[in-house]
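Data block below; observations after.
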Amino acid sequence: MKHRKPYYKLTKLVAITIDVETDWGGRLRAGPSNCLGIEERIPYLLSLLAELNVKATFFISGEVVKNNKDIICEISESGHEIASHSFKHNIDYGKLSKDELFNQINISKELIEDEIGIKPLGFRMPQFRINDYLFDVLSDLGFKYDSSMVRSIFPSRYSSLSIPSEPFFKNGILEIPISTIPYIMLPLGLLWINAMGFSTFRFLIKPIKLPDPIVLYLHPFDLIVNKSKNDFGFFVNRWYNYKTRSVKDTLISVLDYWKNKNKEFICLKDLLSQNKSYMEQEGF
Ligand SMILES: [Zn+2]
């Protein structure tokens, strides 16, 4: 086993990652369409990202590919990266056998290849669930990187504190962990930042050296403003519109903040060709 500490100066890179799936991640009853996030918010996201000249990585759930082929092609034609978010979203990936896991990921890969014409290099597990066979299966299917792990204090839901916060190799696959919010160690998701308020988030990260790259995640559905028709009442409205600040405003604040700090926005696949020495480590 060989450990090599990567050499980083300052955090330079930011990766915006967008998980594209059915509304509510398939977990809760959706409205008339179960893809409102995709239909209504991806066009908005594409114009915002174009305006800011930011390229992002879109992890696409296989089950939405056929019905949303045009918009997914548009994502790709806009210069963003298309990666896989497996096939079904709302199943317990931690419990799948190796064959079952292989099938789920393989179906999504073939759908993206056949319908969109892209060979996905990267993968993210739905709900960040880790399966013991994940890295073997990704390797068998020709994937080059994974971005499902979180260095978090919630080991049952996310990964654990034992993984590095910056990219490392595992079974020949480059793992690019989702970043965490300093001190509270929650995944760096747009809704968490929105719930705490952008100014609190900025206060927390100011004195900290964040990992390189910073990996932020969000869903198109997060940006739908009026979710009150969904009967989830107080909690959901609180979560999505905390302190009257909309998720959309929070996203713009986050992007502007890093733009003004001269960060370079990258797609995750760009890391594969960067001449960096990642840690070679097994057994996380
Ligand atoms: Zn997801």
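Values in this text are rule-based calculations from the coordinates and carry no lab data. As the structure is a prediction and not an experimental result, all values here were calculated from the model. With ideal geometry, Cβ positions are generated from the backbone for all residues, glycine too; neighbour counts draw on all protein chains shown.
Values for this structure:
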| read-out | value |
| --- | --- |
| Cβ-defined net charge surrounding residue 102, 15 Å radius [Lys, Arg +1; Asp, Glu -1] | -3 |
| Other-chain or far-sequence residues with amide H under 5 Å of residue 86's (modelled H) | 62, 124 |
| For region 116-121, Karplus couplings with θ = phi - 60° (6.51, -1.76, 1.60), whole Hz, Gly/Pro x | 9, x, 10, 9, x, 9 |
| Unsatisfied cross-links (Cα-Cα over 18 Å) in the set 69/95; 206/259; 95/119; 170/263; 12/55 | 69/95; 95/119; 170/263 |
| Relative contact order, percent, region 13-276 [alpha-carbon distance under 8 Å, six or more residues apart] | 23 percent |
| Contour excess over end-to-end distance, with Cα ends at residue 202 and residue 40 and 0.36 nm allotted per residue | 55.4 nm |
| Efficiency of FRET from Cβ geometry, residue 115 and residue 209, R₀ 51 Å, rounded to 0.05 | 0.80 |
| Contour excess over end-to-end distance, with Cα ends at residue 261 and residue 133 and 0.36 nm allotted per residue | 42.2 nm |
| Residue 170 long-range amide H proximity, modeled H, under 5 Å | 175 |
| Region 13-276: projected area of the alpha-carbon convex hull, averaged over directions, in nm² | 13.3 nm² |
